[in-house]
Amino acid sequence: DGGITQSPKYLFRKEGQNVTLSCEQNLNHDAMYWYRQDPGQGLRLIYYSQIVNDFQKGDIAEGYSVSREKKESFPLTVTSAQKNPTAFYLCASKGPGAGAHNEQFFGPGTRLTVL
Amino acid sequence: AQKVTQAQTEISVVEKEDVTLDCVYETRDTTYYLFWYKQPPSGELVFLIRRNSFDEQNEISGRYSWNFQKSTSSFNFTITASQVVDSAVYFCALSGSNDYKLSFGAGTTVTVRA
């Protein structure tokens, strides 16, 4: 089946640790996105990538890093520099092409909790 | 810059009632795209509809209908004869013609009681 997978579903981190959230898609989509969702709030864009080996900061990129070495994969690293990382993280992809008219499809999300 | 406002934070209805979710947007683009997504308790966002700025035709899909009015910059969503399974958070979103990003509203939580 085609879709977007995110792992793990739940992640616990100690303060000061870096953690990496996985996002994989087999939809052959060009563009991929990472969003953060806090309770009772909408989605805020962290990073996005329109093509392989290229990515741009979103609205809240501080404390996060990404890579896009393969079309299918767009991992997100939450670094120790992120002051308040506890949140629900959603990955999305869009295609074919990265045009504005295409809808984004979302993965099931990763819930990160800092202990 | 794009902006989406969903003024209703929470709506609670009894099953079989109709519910309308408001969405007001701001953009300077003449060509833009509007979207609605549903987020059930599982967390994954489900795409519901996309509407182009040059197509003001209203749309109906089963119990769902959408009313797009450029004159008031609104793209409202109505669930007819609501069911418990409609309980979710609903997001309205906007993308400009040269945007690769979506601007989301804050979402409206719909609770349908049996």
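The values are calculated or read from the model by the stated rules, or taken from the named source; none is laboratory data. Everything numeric in this text was worked out from a predicted model, so none of it was measured. Glycine also receives a Cβ, built like all others from the backbone with ideal geometry; neighbour counts cover every protein chain displayed.
General observations
- Condition met for B:LYS101 (outside any loop (DSSP other than H, G, I, E, B), in contact with a Phe, Trp or Tyr (Cβ under 8 Å, 6 or more places away or on another chain), closer than 25 Å to A:GLN6 by Cα and of a type in the set (Lys, Arg)): no
- For region A:1-57, the set of residues classified as of a type in the set (S, T, N, Q) and under 25 Å from A:ALA81 (Cα atoms) consists of A:GLN6, A:SER7, A:GLN17, A:ASN18, A:THR20, A:SER22, A:GLN37, A:GLN41, A:SER49, A:ASN53, A:GLN56, listed by residue number.
- Search result, residues across region A:5-31 that are under 30 Å from B:LYS3 (Cβ atoms) and at pLDDT 95 or above: A:GLN6, A:LEU21, A:CYS23, A:GLN25
- Scanning region A:8-26 for residues that are within 18 Å of A:GLU69 (Cα to Cα), in contact with a strand residue (DSSP E or B) (Cβ under 6 Å, 6 or more places away or on another chain) and surrounded by fewer than 19 Cβ atoms within 10 Å (Cβ to Cβ) returns A:THR20, A:SER22, A:GLU24.
- Evaluated against (1) modelled with pLDDT of 90 or more; (2) farther than 29 Å from A:LYS9 by Cβ; (3) out of contact with any Phe, Trp or Tyr (no Cβ under 7 Å at 6 or more places or on another chain), B:TRP66 falls short on exactly one condition, (3).
- Qualifying residues in region B:92-105 (those that are crowded, with 18+ Cβ neighbours inside 10 Å and in contact with a Ser or Thr (Cβ under 8 Å, 6 or more places away or on another chain)) - the one farthest from A:GLY95 (Cα to Cα): B:GLY105
- Of the strands (runs of 3 or more DSSP E) lying entirely inside region A:27-110, those containing at least 2 residues that are farther than 18 Å from A:PHE12 by Cα span A:31-37, A:43-51, A:54-57, A:64-66, A:87-94, A:104-106.
- Across region B:77-98, the qualifying residues are those that are touching a Phe, Trp or Tyr at 6+ places or on another chain (Cβ under 7 Å) and more than 9 Å from every other protein chain (Cβ to nearest Cβ), and the one among them that is nearest to B:SER53 (Cα to Cα) is B:LEU94.
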